[in-house]
Every structure is written in structure tokens, then in C-alpha cells.
Amino acid sequence: MSTRIPLPYSGKVIKLFRNPKNLGRMENATVYATAGSPACGDMITLYLRIEDGKILNATFESYGCAANIAAASVLTEMIKGKKVEEAWKITWRKISDELGGLPSIKYHCGILAVGSLRRAIRKYYGDKRPSWLPKETTSEEKLALKEEELIKRFLKRSKKELNEKHF
């Protein structure tokens with residue numbers, strides 16, 4: 001008998017997990033960026049097609065759970081047709097709200113989605129940063145970095161424990 005308790009996902013999370021929108025690599029992407037780690041099971045690569053400061057198309061590839069796939073899917077829908085500056089302002093909480101809420105243990109999925117978006121935008125502008133784009137790393141970006149660092153530490157500790165048990 002399993003002791004696992006199913007997570008209380010909203011209907012929208014389940015729907016987007018089963019039928020994600022904008023899933024797949026974009027061959028003509030202007031820019032793409034990844035957040036997360038394939039080692040932990042949650043990773044999002046976001047592809048953007050940008051022209052004249054507007055996001056014309058957005059797709060994603062995901063390696064992860066239902067919340068991760070749903071967060072990336074809803075993010076692509078939220079940013080299509082928006083100016084890059086407007087898309088920059090999207091937060092992980094907005095993604096969670098758009099999904100009808102995420103269980104607290106799955107907040108990191110929204111954080112990674114926003115992390116991939118912000119990395120793609122920074123990559124797109126490079127050294128030609130517009131005045132509205134913060135020079136310093138924002139709190140949303142720092143959250144994504146913290147998630148990735150936690151993943152690395154957890155994996156390192158897990159490998160160490162595994163080696164101690166087997167040798």
C-alpha cells in the first residue's frame with residue numbers, strides 16, 4: 001500500500017498536463033533559455049520568437065511533473081502577443097493564480113517557468129539592455145537560482161548517502 005497522498009491540483013493544471021499548449025522546440029526561435037535541472041526532474045526550456053519588441057510566439061520543452069508542464073504551458077499563453085517589457089513583469093504567483101493555484105510544494109514550477117522567461121529576455125537583449133530591464137538580478141531570478149542550487153545540493157547529498165550505503 002502506498003503512503004503517498006495525491007497532490008490537490010486544480011482542474012486547469014490537470015487539463016494542461018494532459019493537453020499542454022505550445023509544447024515543443026521552436027525551429028525559428030529568436031532566443032531560448034532553460035531553468036531547472038534534468039537531474040531533479042524539473043526543467044523548462046522556453047523558446048521565444050520576438051520581433052519589434054513583441055513576443056510573436058512562445059513554445060516550451062519540459063522535463064518534469066504535471067505542475068511543471070502546466071506552468072510552462074500557461075506561461076506561453078500569457079506572453080504571446082505581449083511586448084517583452086510586459087512579459088518581464090509576469091511573476092510566479094501570477095502563473096500560480098492563472099492555474100487556479102499550485103500546492104506549496106510545487107511553487108518551484110512557477111519559479112522555474114519565470115526563471116526561463118527572464119533568462120531568455122536577458123539573453124535576447126544581451127549588452128543592449130533597455131532602460132526598463134534591471135541591471136541587477138531580480139528577486140524572481142534569484143528564486144530560480146536558489147531552486148537550482150538546492151537541487152544541486154540535494155543531489156550531491158543523495159549521491160553521498162547512496163555511496164555510503166553501498167560501499
What residues qualify as long-range amide H neighbours of VAL31, i.e. H under 5 Å apart, gap of 5 or more or another chain, H built at 1.01 Å from N?
-> LEU48, ILE50
Which of the following values of semi-axes √(5λ) of the Cα gyration tensor in Å was calculated from the structure shown: (1) 29, 17, 15; (2) 29, 20, 14; (3) 31, 19, 14?
-> (2)
With springs only between Cα atoms under 10 Å apart, run a GNM on the chain and tell me which of ARG93, ARG25, ARG153 wobbles the most.
-> ARG153
The chain, Gaussian network, Cα under 10 Å: of SER96, SER116, SER139, the residue fluctuating most is SER139
The chain: DSSP helices with Cα axial extent of at least 18 Å and average Kyte-Doolittle hydropathy no lower than 0.5 = 66-79
Between LEU155, LEU117, LEU145, which gets the highest mean-square fluctuation from a Gaussian network model of the chain, Cα cutoff 10 Å?
-> LEU155
Between the modelled labels at LEU150 and GLU27 (7 Å from Cα along Cα→Cβ) the distance in nm is 3.9 nm
How far is it, in nm, from the label point at GLU136 to the one at LYS123 when both lie 7 Å from their Cα along the line to the Cβ?
-> 2.6 nm
Given labels modelled 7 Å from the Cα in the Cβ direction, how far is it in nm from LYS83 to ILE14?
-> 4.0 nm
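Bear in mind these aren't lab numbers, they're just calculated from the coordinates by the rules spelled out. These numbers were taken from a predicted model, which means no experiment stands behind them. Methodologically, a virtual Cβ is constructed for each residue, glycine included, from the backbone with ideal geometry; neighbour enumeration extends over all protein chains shown.
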